[in-house]
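Some notes on the structure that comes next.
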Amino acid sequence: MQFFFEVLIGGLLAGIMYSLVALGFVLIYKASGVFNFAQGAMVFFAALTVVGFMEQGAPLPLAIGLCLIVMILLGVATERIVLRPLVNQPQITLFMATIGLAFFVEGLAQGLWGAQVHALDIGIPDTPIESLMDKTGMLISQFDLIAALICAVLVTLLAVFFNKTRIGRALRAVADDHQAALAVGIPLKQIWAIVWAVAGFVALVAGLLWGARNGVQFALTFVALKALPVLILGGFESIAGAIVGGLIVGSSEKLAEVFLGPYVGGGIEGWFAYVVALLFLLVRPQGLFGEKIIERV
Amino acid sequence: MEQVRNIGEPILVVENVSLAFGGVKALQDVSFDVCEHEVRAIIGPNGAGKSSMLNVVNGVYHPQQGHVTFKGVRRQDMNSHEAASMGIARTFQNIALFRGMTVLDNIMTGRALKMKTNFLQQALWWGPARRDEMQNRHKVEEVIDFLEIQHIRKTPVGRLPYGLQKRVELARALAAEPEVLLLDEPMAGMNLEEKQDMCRYVLDVNDQFGTTIVLIEHDMGVVMDISDRVVVLDYGQKIADGTPDVVRADKKVIDAYLGVTH
Amino acid sequence: MLYRETGQFKTSYAADQQIFPLRQDRIGVVATLLVAFIVVPLVANEYWLEAILIPFLVFSLAALGLNILTGYAGQLSLGTAAFMAVGAFGAYNFELRLEWMPILGSFALGGVCAAFVGILFGLPSLRIKGFYLAVATLAAQFFVVWALTHFNWFSNYSASGVITAQRIEIFGFYFLTGQSKYLLVLAIVTLLALAAKNMVRSETGRAWMAVRDFDVAAAVIGIPVMRTKLLAFAVSSFYCGVAGALYAYAYLGTVEPDGFNLDLSFRILFMIIIGGVGSILGSFLGAAFIVLFPILLNRFAEPFANAIGIDLPSGMSSNLELIIFGGLIIFFLAVEPLGLARLWQVAKEKLRLWPFPH
Amino acid sequence: MLSSTARRLGRPAAALLGAAVIALGSGLAHGQAKEQFIPANFYWVGPYASGGSGIAGGFIDYFKMVNARDGGVNGVKITWEKCETEYNNARGVECYERSKNKGPTGASLIHPLSTGITYSLIDKGTADKIPIVSLGYGRADATIGSVFPYVFPLMTTYWSQAAAMVNFLGQREGGLAKLKGKKIVLLYHESAYGKEPIPVLTDLSKKYGYQLTTIAVPHPGNEQQSQWLQIRQIRPDWVILWGWGVMNPTALKAAQKTGFPRNKILGVWWSGAEEDVIPAGSAAKGYMAAGFNAPGTSYPAIQDILKYVYAKGDGEMEDKSRVGSIYYNRGVVLAAVSVEAIKVAQEHFGKGKPVTGEQVAWGLEHLNLDEKRLKQLGLSGFMPPTTTACNNHEGSGLVKFQQWDGTKWKILTANWVAPTPEDQKLVRSKMEASAAKYAKDKGITPRANCTDEN
């Protein structure tokens, strides 16, 4: 039973790391209705940029600051070059465009900083917490806990941003109805640029944490694939959904791998979350927190 | 004209239908019937539930209560496909054409239920599939001639003006050779000339093919001119039902249209 | 002046519903086929046949499959490579386990296996749409590759999960040279493309497009939406499956499940976006572009950079490839959503009027 | 709008197409120059770029050094051309087809540097008589040269390596007999590559009585929490890590997280480069891995590269500090073997003349890289001595084991380690059985007069 809880907690903590990536997707979807497939590439780009600046001699905080500027520029440029010409296109077209964007950003990142594997030390040791191990015998990594904490802070900040600030309220209005938002004088383009910049910031945080965990390398782009089932479960437009979805995906896939995996020879983690999400969709097509859509003709 | 036509028994009977979306009651306990070969209008102010009524009749919406009887088959739920295969065709308030296809292809889709070959035969093309295609094309060309849209046959529908799109939608519905045709505001947004054309087509359809027509329309003049009987809905409830003259004189109808509060 | 329709009158519906109503187009197509079947095998060298033309044809077929699903029926799929994998492994197992099975039968049955898997993963399309469905097809992508790697039966218990395609033999003739394999693939692709064209110009295709453009209206007309979608998944996956079998048998010779990864799925998606969504011709144009472009870039980027005095670091041309691909995808979606096929059509319309544009 | 797009695109598109046709059709500048062409079909982008670019660098730099120092092989200059395969089978085949007819005698031999591409090229290489050299990867059973005349899994195969690893673990435990009752976990990349060692390790587990558990990590392997929790449950004595790319540092990090000692983890040679441990930071300290080349720049051949190539600013590596890294040096091994095979072939078929692929295959079957020869090449201790034969395309099957001390790889075993002779026989018999099955499936008649000794 203790092992079960260990796996469960490990899964929940891993799930938070997924949520972190999923958050970037949700933000952009909420404000502009775009399912941004390039989020994974942005995570990679952000982490590589931070490491790149550090290798040029910048200390970590400065590198993060510089990278933030780069990410904001990237976000604004994306709005200009990708979204604006595609405004009023079907969502699926925008989605495909972001696949193109993902390739673009991956090429750009490697072209700028090279394809080398880098280590990224952000000063949080990734070791088990000893006091906890002595008391309960359970292994919980410090790094995972701190990452979860950072994630919680980020979500709180975003929630405050969305609910309390003027820009945040404008964002929500935009999400509800583009035309209406335009009609009441909300500057849509600026709003989108801001959202892409914020998503860039979230990508940066995700890139730092994932990069510190596994090293900064091309494989960071794959973390987006872990976030997709989270989105399906949580719904594309719910921050709460991203968190809860992440927790469900993280814990269920770990439990499945450990307890079901041995029966089929293991390695099921890669698709298990997708299949869970798929089955879930059949029951609730709108996701956990999504609103039911009634089709009118 | 009405004297010449032979209006028959009720072909479509709506009994006590109620429909709600969440808390919004779109239809409440509505009952009426439609007789064979007649032109039946449904009128009412905006939001009265007219389109919802049509959507219930051809199975797009499923009512929480009540029944629809069509050609003697009584049911609460029916899906659109069943409705179509039993002979109900319709047009939509906001044009529901297939924008990526040509006029001809759009109308050909109306023949979907008449096609007898399967996809494998169609993949081979020669033989039965080709014959099937030609026979149905022939039928579609009749409709095209009838509605006088020969010149735009190969045009993608997205490029057509509004009025013509409405006509193409009618053509698609007619191509199915329906027994009952549901028309949701066929004349909305048209100028006078276009409206007159459309009226003529509707009456001709009714006259030449004997098709029963259920029609939603805002233009009272048109409604009173062409329909045999009229149902009036307001806030999802039926407030009047009868010949145009009867309805026109109804106090509740006048109130509803003049906006007197209940 | 050459490209005129004036004077060509249609006197029957049959004539009007030909694939290529214009005489010039018919001549063009016949000429293309003659070149493809007779001239190319005579003049092309082994490199062209084995490294460019065969993969071009195989990818065209896969793109055609995806175009049926995405371009005609409007269901976005990110799992194309998985369906190809099913086709390849399916054909391998039929060929391996049924001695009497002719190779073309194995290809077809490989396609049928893919069609069944396609239907299975197409089921969610009945409830979900758009990119929810796209993500669902990712489940197919990951699951199929996992299953093929994992269950050794599929690879006949080869230690590594790699399969080696048997030799292609039809009536005692062995297809071993680039030429013969090219001709075989060309024949299969031509026939399947023709079948696809026939489907999309008859009721099947109209039903797909109707569901794509407006599914509620399609249902009201009496088009069975569910069956139409599943048929699209089945036919599309069949095409992809046959393409996968040809990929294994006529192109690579040996394949492993990992080769059919998400990257390949994306590449095929790019083919239809660049070539033209909802166009048979576009599938071929897109495949040609995606096959040729990286090779050209890989070949010329460095000499070109050297010529103008830039020292291009290793791998830069590949990064450039990613950047340019990505850029082109966005460009085509924004400026010409119907892709190269549409550009071709526009060019033809110009030609109709030339030299008197008014 | 549309038409203007067409107009804008029209001309460049036509020009591009024209250029394409000319370029691809123009074929090959044949010349009877004294040149020996070797394709450099590697990968510089994508998830595995760090390995590919390092190996490519060492490979090409060695040729540059040989050309600069010795004027080529007996006066025949080595030429090469890069082609990006992206670790992708289709691209690898295209690169092969493109490069196979280059140079006066066509491609001498090809290093596909990917198990998948190797598989795809087996038939083609055999038909074209171009040796496919898969040094440290590819099909283990291709050792049986009578069935695979043009495939060379030189030095050591995955199967030999697995047996050598067991031998090494036995040494660590103080004798192979001590392995009885020990628990060993194989943590492998869920792919063709990762599954390679399972049959050998399973057979040996029966022989030595250790308890083997195999745990798969799905691609790409950037999340291993559950696998390592399972390992923690099992509490194994050793973990054999058969990883690739991001899976390696992630495994080391996860081991640290679950408190598993890293000096009880033994990696395959594709899990044992700097790129595999540096991202894991301090978590990698103590980790051990196999390798068929030593790290460092102290070897005379590497010094010559620095002297003849980098001193002139002609080196392949942008980051010079990567010279001497595991992958770079592995590229040097690939190149040294290639040059040696050409040299052997020349000495047999005619010195100072370019040799054909068929002749190079002969050379590859008559390699005699003993200690003496390696010393002449300045590569003593750098790579294992290897002697090949017609029916032994592998050679010695020797590896070294190394340990990461937190900053660099340190050689643990002064001598090269082989599987025990008995195990070698077992591996060999597995290879023979597998090759025989392949021959039967493909209808190949094994070459006659093809033995283990020349």
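The values are calculated or read from the model by the stated rules, or taken from the named source; none is laboratory data. Here the structure is a predicted model, which means the values were calculated and not measured. Positions of Cβ are backbone-derived with ideal geometry, glycine not excepted, and every protein chain shown enters the neighbour counts.
Quick check: anything in the range C:315-326 closer than 24 Å to C:I273 by Cα and β-branched (V, I, T)?
To start, the set of residues in the range C:315-326 that are closer than 24 Å to C:I273 by Cα comprises C:317-326.
Subsequent filtering for residues that are β-branched (V, I, T) retains C:323-324.
Yes, the range C:315-326 contains at least one residue that is closer than 24 Å to C:I273 by Cα and β-branched (V, I, T).
Is there a residue in the range D:115-130 that is outside any helix (DSSP H, G or I), closer than 25 Å to D:F292 by Cα and of a type in the set (S, T, N, Q)? Show your work before the answer.
Filtering the range D:115-130 down to residues outside any helix (DSSP H, G or I) leaves D:129-130.
Next, from what is left, pick out any that are closer than 25 Å to D:F292 by Cα: D:130.
Those left that are additionally of a type in the set (S, T, N, Q): none.
Checked the range D:115-130: no residue is outside any helix (DSSP H, G or I), closer than 25 Å to D:F292 by Cα and of a type in the set (S, T, N, Q).
Go through the range D:341-381 and report how many residues are crowded, with 22+ Cβ neighbours inside 10 Å and either within 18 Å of D:D61 (Cα to Cα) or not assigned by TED's automatic domain parsing to the domain that holds D:S50 (or both).
Counting residues in the range D:341-381 that are crowded, with 22+ Cβ neighbours inside 10 Å and either within 18 Å of D:D61 (Cα to Cα) or not assigned by TED's automatic domain parsing to the domain that holds D:S50 (or both) gives 3.
Please specify each residue of the range D:258-293 satisfying the condition of being facing chain A (nearest Cβ under 10 Å) and of a type in the set (S, T, N, Q).
Listed by number, the residues that qualify are D:T258, D:S282.
Any residue that is touching a Lys or Arg at 6+ places or on another chain (Cβ under 9 Å), part of a helix (DSSP H, G or I), in contact (Cβ under 8 Å) with a residue 12 or more places away in the chain and closer than 27 Å to A:L112 by Cα - is there at least one of those in the range C:297-311?
Of all residues in the range C:297-311, those touching a Lys or Arg at 6+ places or on another chain (Cβ under 9 Å) come to C:298-299, C:302.
Pick out the ones that are also part of a helix (DSSP H, G or I) and you get C:298-299, C:302.
Retained after the next criterion (residues that are in contact (Cβ under 8 Å) with a residue 12 or more places away in the chain): C:298, C:302.
So of that shortlist, the ones also closer than 27 Å to A:L112 by Cα come out as C:298, C:302.
Scanning the range C:297-311, I find at least one residue that is touching a Lys or Arg at 6+ places or on another chain (Cβ under 9 Å), part of a helix (DSSP H, G or I), in contact (Cβ under 8 Å) with a residue 12 or more places away in the chain and closer than 27 Å to A:L112 by Cα, so the answer is yes.
Identify, from the list B:R167, B:R137, B:R111, B:R130, the residue that is free of Cβ contacts under 8 Å to residues at least 24 places away in the same chain and surrounded by 16 or more Cβ atoms within 10 Å (Cβ to Cβ). I'd like the intermediate steps shown before the answer.
Numbers: B:R167 fails: free of Cβ contacts under 8 Å to residues at least 24 places away in the same chain; B:R137 fails: free of Cβ contacts under 8 Å to residues at least 24 places away in the same chain; B:R111 fails: free of Cβ contacts under 8 Å to residues at least 24 places away in the same chain.
Only one candidate qualifies: B:R130.
Would you say A:F162 is over 27 Å from D:E223 (Cβ atoms), in a helix (DSSP H, G or I) and either touching a residue at least 40 places away in the same chain (Cβ under 8 Å) or touching a Cys at 6+ places or on another chain (Cβ under 6 Å) (or both)?
Details: over 27 Å from D:E223 (Cβ atoms): yes; in a helix (DSSP H, G or I): yes; either touching a residue at least 40 places away in the same chain (Cβ under 8 Å) or touching a Cys at 6+ places or on another chain (Cβ under 6 Å) (or both): yes.
Against the criterion (over 27 Å from D:E223 (Cβ atoms), in a helix (DSSP H, G or I) and either touching a residue at least 40 places away in the same chain (Cβ under 8 Å) or touching a Cys at 6+ places or on another chain (Cβ under 6 Å) (or both)), A:F162 qualifies.
How many of the residues in the range D:378-398 are more than 15 Å from D:Y150 (Cβ to Cβ) and assigned to a loop (DSSP other than H, G, I, E, B)?
Residues in the range D:378-398 being more than 15 Å from D:Y150 (Cβ to Cβ) and assigned to a loop (DSSP other than H, G, I, E, B): 12 in total.
Within the range C:190-234, which residues are buried (at least 21 other Cβ atoms within 10 Å of the Cβ) and basic (K, R)?
Residues satisfying the conditions are C:R206, C:R212, C:K229.
Consider B:L192 carefully, then state whether it is more than 20 Å from B:E36 (Cα to Cα) and surrounded by fewer than 21 Cβ atoms within 10 Å (Cβ to Cβ). Before you say what the answer is, go through the steps one by one.
On the way: more than 20 Å from B:E36 (Cα to Cα): yes; surrounded by fewer than 21 Cβ atoms within 10 Å (Cβ to Cβ): yes.
When the stated conditions are applied, B:L192 passes them.
Within the range C:243-264, identify whether any single residue is at the interface with chain B (Cβ under 10 Å from one of its Cβ atoms) and modelled with pLDDT of 90 or more, and answer yes or no.
Quick first cut of the range C:243-264, residues at the interface with chain B (Cβ under 10 Å from one of its Cβ atoms) only: none.
No, the range C:243-264 contains no residue that is at the interface with chain B (Cβ under 10 Å from one of its Cβ atoms) and modelled with pLDDT of 90 or more.
Search the range C:33-58 for residues being without any contact (Cβ under 8 Å) to a residue 60 or more places away in the chain and more than 29 Å from C:S265 (Cβ to Cβ), and hand back the single one that is surrounded by the fewest Cβ atoms within 10 Å (Cβ to Cβ).
Applying the filter and picking the extreme gives C:L42.
Out of the strands (runs of 3 or more DSSP E) lying entirely within the range B:35-105, which hold 1 or more residues that are touching a His at 6+ places or on another chain (Cβ under 6 Å)? Let's see the steps before the verdict.
Values: elements: B:39-43, B:65-70, B:73-75, B:88-90.
Where strands (runs of 3 or more DSSP E) fall fully within the range B:35-105 and carry at least 1 residues being touching a His at 6+ places or on another chain (Cβ under 6 Å), they are B:73-75.
Would you confirm whether or not the range A:52-73 contains a residue that is buried (at least 19 other Cβ atoms within 10 Å of the Cβ) and either of a type in the set (S, T, N, Q) or outside any helix (DSSP H, G or I) (or both)?
Looking for residues that are buried (at least 19 other Cβ atoms within 10 Å of the Cβ) and either of a type in the set (S, T, N, Q) or outside any helix (DSSP H, G or I) (or both), one finds none in the range A:52-73, hence no.
Please work out which one of (1) within 11 Å of chain D (Cβ to nearest Cβ); (2) over 23 Å from D:A49 (Cα atoms); (3) touching a helix residue (DSSP H, G or I) at 6+ places or on another chain (Cβ under 8 Å) is the condition C:F331 fails and give its number.
Going through (1) within 11 Å of chain D (Cβ to nearest Cβ); (2) over 23 Å from D:A49 (Cα atoms); (3) touching a helix residue (DSSP H, G or I) at 6+ places or on another chain (Cβ under 8 Å) one by one, C:F331 breaks only (3).
Just to be sure I understand, how many residues within the range B:80-91 are surrounded by fewer than 24 Cβ atoms within 10 Å (Cβ to Cβ), within 7 Å of another protein chain (Cβ to nearest Cβ) and not small (G, A, S)?
1
Out of the residues in the range D:213-243 that are of a type in the set (F, W, Y) and surrounded by 24 or more Cβ atoms within 10 Å (Cβ to Cβ), which is nearest to A:S252 (Cα to Cα)?
Keep residues of the range D:213-243 that are of a type in the set (F, W, Y), which gives D:228, D:238, D:242.
The next check asks that each one be surrounded by 24 or more Cβ atoms within 10 Å (Cβ to Cβ); those that pass are D:228, D:242.
Numbers: D:W228: 16, D:W242: 26 Å.
Ranking the candidates gives D:W228 first.
Is there a residue being away from chain C (no Cβ under 12 Å), more than 18 Å from the chain's Cα centre (by Cα), in a helix (DSSP H, G or I) and among the hydrophobic types (A, V, I, L, M, F, W, C) anywhere in the range B:155-176?
No.
How many residues are in a helix (DSSP H, G or I) and either among the charged types (D, E, K, R) or crowded, with 24+ Cβ neighbours inside 10 Å (or both) if we restrict to the range A:222-240?
Our first condition is that a residue be in a helix (DSSP H, G or I); within the range A:222-240, this holds for A:222-234, A:239-240.
Adding the requirement that they be either among the charged types (D, E, K, R) or crowded, with 24+ Cβ neighbours inside 10 Å (or both) leaves A:223-224, A:226-234.
So the count comes out to 11.
Which one is modelled with the highest pLDDT among residues in the range A:259-297 that are in a loop (DSSP other than H, G, I, E, B) and within 14 Å of chain D (Cβ to nearest Cβ)?
Within the range A:259-297, the subset in a loop (DSSP other than H, G, I, E, B) is A:265-268, A:284-297.
From the residues that got through so far, the ones that are within 14 Å of chain D (Cβ to nearest Cβ) too are A:265-268.
Numbers: A:G265: 75, A:G266: 76, A:G267: 78, A:I268: 86.
Only one residue fits best here, namely A:I268.
Out of the helices (runs of 4 or more DSSP H) lying entirely within the range D:188-287, which hold 3 or more residues that are under 21 Å from the mean Cα position of the chain (by Cα), modelled with pLDDT under 95 and closer than 19 Å to C:W146 by Cα? Lay out the reasoning, then the answer.
Numbers: elements: D:192-195, D:198-208, D:225-234, D:247-257, D:274-277.
Result: D:192-195.
Which residues, taken from the range C:110-135, are more than 11 Å from chain A (Cβ to nearest Cβ) and closer than 16 Å to A:L228 by Cα?
Hits for the range C:110-135: nothing passes.
Tell me, please, whether a residue that is among the small types (G, A, S), away from chain D (no Cβ under 14 Å), within 16 Å of the chain's Cα centre (by Cα) and in a helix (DSSP H, G or I) can be found in the range C:67-75.
Yes, the range C:67-75 has at least one match.
Can you give me the number of residues within the range D:184-242 that are among the charged types (D, E, K, R) and within 14 Å of chain A (Cβ to nearest Cβ)? It would help to see each step written out before you state the result.
Of the range D:184-242, the ones among the charged types (D, E, K, R) are D:190, D:195-196, D:203, D:206-207, D:223, D:232, D:235, D:237.
From what is left, the residues that are within 14 Å of chain A (Cβ to nearest Cβ) are D:190, D:195, D:223, D:232, D:235.
Looking only at that region, the number is 5.
Do we have A:A119 as in contact (Cβ under 8 Å) with a residue 12 or more places away in the chain, surrounded by 22 or more Cβ atoms within 10 Å (Cβ to Cβ) and under 19 Å from A:F218 (Cα atoms) here?
Working: in contact (Cβ under 8 Å) with a residue 12 or more places away in the chain: yes; surrounded by 22 or more Cβ atoms within 10 Å (Cβ to Cβ): no; under 19 Å from A:F218 (Cα atoms): yes.
No.
Name the one entry in A:L171, A:L139 that is modelled with pLDDT under 85, outside any helix (DSSP H, G or I) and crowded, with 19+ Cβ neighbours inside 10 Å. Please lay out each step first, then the result.
Values: A:L171 fails: outside any helix (DSSP H, G or I).
Of the residues listed, the single one that is modelled with pLDDT under 85, outside any helix (DSSP H, G or I) and crowded, with 19+ Cβ neighbours inside 10 Å is A:L139.
Here are some conditions: (1) part of a helix (DSSP H, G or I); (2) crowded, with 24+ Cβ neighbours inside 10 Å; (3) of a type outside the set (K, R); (4) at pLDDT 95 or above. D:D304 meets all but one. Which one does it not meet?
Of the numbered conditions (1) part of a helix (DSSP H, G or I); (2) crowded, with 24+ Cβ neighbours inside 10 Å; (3) of a type outside the set (K, R); (4) at pLDDT 95 or above, the odd one out for D:D304 is (2).
Can you tell me which of (1) buried (at least 23 other Cβ atoms within 10 Å of the Cβ); (2) under 30 Å from A:L112 (Cβ atoms); (3) at the interface with chain C (Cβ under 10 Å from one of its Cβ atoms) is the one D:E81 doesn't meet?
Unmet for D:E81, out of (1) buried (at least 23 other Cβ atoms within 10 Å of the Cβ); (2) under 30 Å from A:L112 (Cβ atoms); (3) at the interface with chain C (Cβ under 10 Å from one of its Cβ atoms): (1).
Please state which one of A:Q110, A:Q89 is in contact (Cβ under 8 Å) with a residue 12 or more places away in the chain, within 14 Å of another protein chain (Cβ to nearest Cβ) and among the polar types (S, T, N, Q). Give the steps one after another, and end with the answer.
Numbers: A:Q89 fails: in contact (Cβ under 8 Å) with a residue 12 or more places away in the chain.
So the residue among A:Q110, A:Q89 that is in contact (Cβ under 8 Å) with a residue 12 or more places away in the chain, within 14 Å of another protein chain (Cβ to nearest Cβ) and among the polar types (S, T, N, Q) is A:Q110.
Looking for something of a type in the set (F, W, Y), without any contact (Cβ under 8 Å) to a residue 40 or more places away in the chain and away from chain D (no Cβ under 14 Å) - is there at least one such residue anywhere in the range C:98-105? Spell out how you get there, then give the answer.
Kept after step one, since they are of a type in the set (F, W, Y), are these residues of the range C:98-105: C:100.
When the remaining residues are screened for being without any contact (Cβ under 8 Å) to a residue 40 or more places away in the chain, the result is C:100.
Restricting the remaining residues to those that are away from chain D (no Cβ under 14 Å) gives C:100.
Looking for residues that are of a type in the set (F, W, Y), without any contact (Cβ under 8 Å) to a residue 40 or more places away in the chain and away from chain D (no Cβ under 14 Å), one finds at least one in the range C:98-105, hence yes.
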